[in-house]
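Just below is one structure, and these are the notes that go with it.
The values are calculated or read from the model by the stated rules, or taken from the named source; none is laboratory data. These numbers come from a predicted model, not from an experiment. Here the Cβ is made from the backbone with ideal geometry for all residues, glycine too, and neighbour counts use every protein chain on show. To get the accessible areas, we keep the full protein, side chains included, count just its heavy atoms, and leave off ligands, DNA and RNA. Shrake-Rupley method; radii C 1.70, N 1.55, O 1.52, S 1.80 Å.
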Amino acid sequence: MTDEMMSLRAMLEKAPDADFLREMIGFAAERLMELEVGALTGAAHGERNPAARLAQRNGYRDRDWETRAGAVELRIPKLRKGSYFPSFLEPRRMAEKALAAVIQEAYVQGVSTRSVDDLVKAMGGSGVSKSQVSRLCEEIDEKVKAFLTRPLEGDWPYVWVDATYVKVRRNHRIVSTAVIVAVGVNTDGRREVLGMDIGPSEAETFWTEFLRKLRRRGLRGVQLMISDAHEGIKAAVAKLMNATWQRCRVHTMRNALAHAGKSGRRVVSAFMATAFAQDSAEAAKAQWRKVADQLRPKLSKLAGFMDEVEADVLAYMAFPKDHWQKIHSTNGLERLNGEVKRRTEVVGIFPNDEAIVRLVGAIILEQNDEWAVQRCRYMTLETIASLSDDPIVGLPAVAI
């Protein structure tokens, strides 16, 4: 016992503060294993007692034990006959970790707290409270925060922005709040989620602050911003971004058909589509005006609308033709927002803004990881090279 006290005292004197808890855990685990193995063998380590001995020791096997204080290196004793496994490493410890992972994953997948509680009970647990779910899910916050505040490196020629709405409880009332997301393509042709934020509405001040945050993180080289025609977005883009604005073609068609009447929507849609089918920006503009003039006698409001939006809805045609299918609308971002909506609808009403950031942030982080591991670029290097201001660097000639 005296030797053990001296070892403990030496450890206290030499171990740094950061490592002290881990060293203490390792010391306690070593003593506990020696007591358990002594009970199995009938003799303490180094003790000679042939009459009482039940088994012989047979060296050690190394294993890392993950604890809250960090990884602890264990030397687990082995026996010549039978087996030994430390009691503090029982499988139920791993099951406890698995349960926490299931709860976290269920929350990220949009399962409500009550459903999570039922899930835990079905797994043989005793249920879980809302506070426990929140406490476990706070572990996600660090990763989400790091993702949403990471530096944005390089140029981002194309940026899409859009918003969706979720319900949250504020000051004992249930209100609708906007969740805005930005997605960009860089000069490597890779697509990434650039950021997200939440606010009471899509007001100009909210969009302006969101774009300022992106610029502070390094967003630059933007040549085309794609969004719907919300006035707050348009004003913020005009104020902060030295870029062309593309009015989403899909949203524009919906707005236009509202002026056509139910009986004429199919014909008007076909007429307007002929402009988008042209091979050049000049031909598209000429066809757009031709259609507007044909509709003007009977549908003057629709013709006026087409005159107003012509430059914005056809802006994408000033960029490489290979990109037209992907930059004429916000369809790609709307698919991501649709997934956000699907998962958040299961939750129903969020308890606070932090819960929204946690769940939506985890969803878009998951999507961003999927894009990162895709073998194919969203846009090829050959087609996007024309958007870069950097000169092409060639290899020096080699004499043969």
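Results, tabulated for the structure shown:
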| item | result |
| --- | --- |
| Heavy-atom surface of region 143-277, accessible at 1.4 Å and reported per residue (Å²) | 46 |
| Pair Asp369, Lys262: separation of 7 Å Cα→Cβ label points (nm) | 4.8 |
| Among 334-343, 207-216, the order from most to least packed when residues are scored by Cβ within 10 Å on average | 207-216, 334-343 |
| Ranked packing of 303-310, 159-166, most packed first, by mean Cβ within 10 Å | 159-166, 303-310 |
| Entries of Lys145/Lys341; Lys239/Lys321; Lys143/Lys326; Lys239/Lys290 with Cα pairs more than 24 Å apart | Lys239/Lys321; Lys143/Lys326; Lys239/Lys290 |
| Packing-based ranking, highest mean first, of 175-184, 271-280 given that Cβ atoms within 10 Å are counted | 175-184, 271-280 |
| Whole-percent carbon and sulfur share, accessible surface of region 204-328, 1.4 Å | 49 |
| Contour excess over end-to-end distance, with Cα ends at Arg289 and Ala44 and 0.36 nm allotted per residue | 78.6 nm |
| Region 297-361, accessible area per residue, ligands and nucleic acids excluded (1.4 Å, Å²) | 46 |
| Euclidean distance of C-alpha centroids, region 296-318 and region 165-198, integer Å | 30 |
| Dipole in debye (nearest 20) - region 160-202, about Cα centre, beta carbon charges: Lys, Arg +1; Asp, Glu -1 | 360 |
